[in-house]
Amino acid sequence: MSHPTAGTPLYTDPVHHAPTDPTLIEAPDGSWRMFYTQRRAGDEGPGVRWVHGTDIGVAGSADGGRTWDYLGVVDGLDPNPGRNTLWAPEIVHVEGCYHMFLTYIRGVPDRWAGHPRAIRHLISDDLVSWQDLGAVPLSSDRVIDACVHPLPAGGYRMWFKDEAHDSATWAADSPDLTVWGTAHPVIEAPPHEGPNVFELGGRYWMVTDEWRGLGVHRSTDLSGWERQGLILDTPGRHPLDAGHGHHADVVVGYDADGEEVGWIFYFTHRQEPAERRTDVQVATLRVVGERLHCDREAPTHLDLRRARRG
């Protein structure tokens, strides 16, 4: 029996043509949403202004993630007037409430350095209307790229990139996603960003964006981490999947035979002359022995209706 496969690319933003930092979540009606940083590939301003002043775009899928429709940008995320910068949403669903942890920068900088960054906490019951609860107190004023996962003994841990501490991954714990403890370093050299944590094959895994592929780290308890190496570091054969994999999100589910798999959603840059343009791709993760395996060339039989819940 044949199974439909996901396209390459899976999704691109139809307005500004540069979706990055995807995160996926099931909506209240059972469909799926993809939230992402809506970079502006066509902006003609100086420097890196095109990656700032960004909204959070959202797409929806009613067929388990194989096709996506653009739903616009998410309103009500910015508590301040004027045009500001929104990056890298992380969304978790806990006891009927959606929690978003959003990277926030005031204004529209045209360079990377010199601008404070914060992670703001917002809540919603429908993924449409959001209430801002303020910035999360973390390890510095240069924090981005939140990832949140429940802890085995209860409570939650947030991992994030701290640019003030050599672009390492730090973490802080919370009993309720509202009160946060003292942050501490977790994964240091080499520099990286975009940590994402998930459980697959009886182990916890963290992937990080090293700008040359995704670093892989394995843990039994979410505290001690062992480095495996890189995945998505070898360019794909498809013309629109020829770059390194960047800033990923993973949804764990089951393939058509009932085997547990992870679907990794990542973005790639197109090649010259359109290198500002990006696309969201998807591949399948499996645990083989003690290692996380990803073959980006294999067909991806994606069906988020088989996602693991709870």
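What FRET efficiency do you get for residue 256 and residue 166 if R0 is 35 Å and r is their Cβ-Cβ distance, rounded to the nearest 0.05?
Values: r = 44 Å, r/R0 = 1.25.
Efficiency at R0 = 35 Å is approximately 0.20.
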Expressed per residue, the solvent accessible area of segment 1-147 in Å² (1.4 Å probe) is about 41 Å²
Descending accessible area (1.4 Å probe), largest on the left, turns 272, 95, 259, 193 into 95, 272, 259, 193
For the pair residue 97 and residue 275, the simple spin-label estimate (label points 7 Å beyond Cα toward Cβ) gives in nm 4.4 nm
In the chain, taking the dipole from +1 charges on Lys and Arg beta carbons and -1 charges on Asp and Glu beta carbons about the Cα centre, the listed residue (213, 37, 294) farthest towards the positive end is 213
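Could you tell me the calculated FRET efficiency between residue 220 and residue 44, based on Cβ-Cβ distance and R0 = 51 angstrom, to the nearest 0.05?
On the way: r = 50 Å, r/R0 = 0.98.
Efficiency computed from Cβ-Cβ geometry: 0.55.
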With the charge dipole of the chain built from beta-carbon charges (+1 for Lys and Arg, -1 for Asp and Glu) about the Cα centre, the Cα from 64, 82, 191 projecting farthest to the positive end belongs to 191
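Just how large is the dipole of the chain about the Cα centre, in debye to the nearest 20, putting +1 at every Lys and Arg Cβ and -1 at every Asp and Glu Cβ?
Values: 28 positive and 45 negative charges, 81 e Å.
Magnitude of the dipole: close to 400 debye.
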For residue 297 and residue 3, extending 7 Å from Cα along the Cα-Cβ vector and measuring point to point gives, in nm, a value of 2.1 nm
Rounded to one decimal in nm, the spacing of the 7 Å Cα→Cβ label points at residue 29 and residue 106 is 3.9 nm
Subtracting the Cα-Cα distance of residue 126 and residue 184 from 0.36 nm times their residue separation yields 17.6 nm
Carbon and sulfur atoms account, in whole percent of the 1.4 Å probe accessible area of segment 88-147, for 51 percent
The farthest towards the positive end of the charge dipole of the chain, of the residues 47, 123, 23, given +1 on Cβ of Lys and Arg and -1 on Cβ of Asp and Glu, is 47
The answer for segment 192-242, accessible area per residue at 1.4 Å probe in Å², is 39 Å²
In segment 234-300 the accessible area split gives carbon plus sulfur, as whole percent at 1.4 Å, a share of 49 percent
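The values are calculated or read from the model by the stated rules, or taken from the named source; none is laboratory data. All figures in this text were calculated on a predicted structure; none of them were measured in a lab. Cβ coordinates were reconstructed from backbone atoms using ideal geometry, including for glycine residues, and neighbour counts include every protein chain displayed. These area figures cover heavy atoms from the full protein model, side chains too; ligands, DNA and RNA do not enter into them. Shrake-Rupley method; radii C 1.70, N 1.55, O 1.52, S 1.80 Å.
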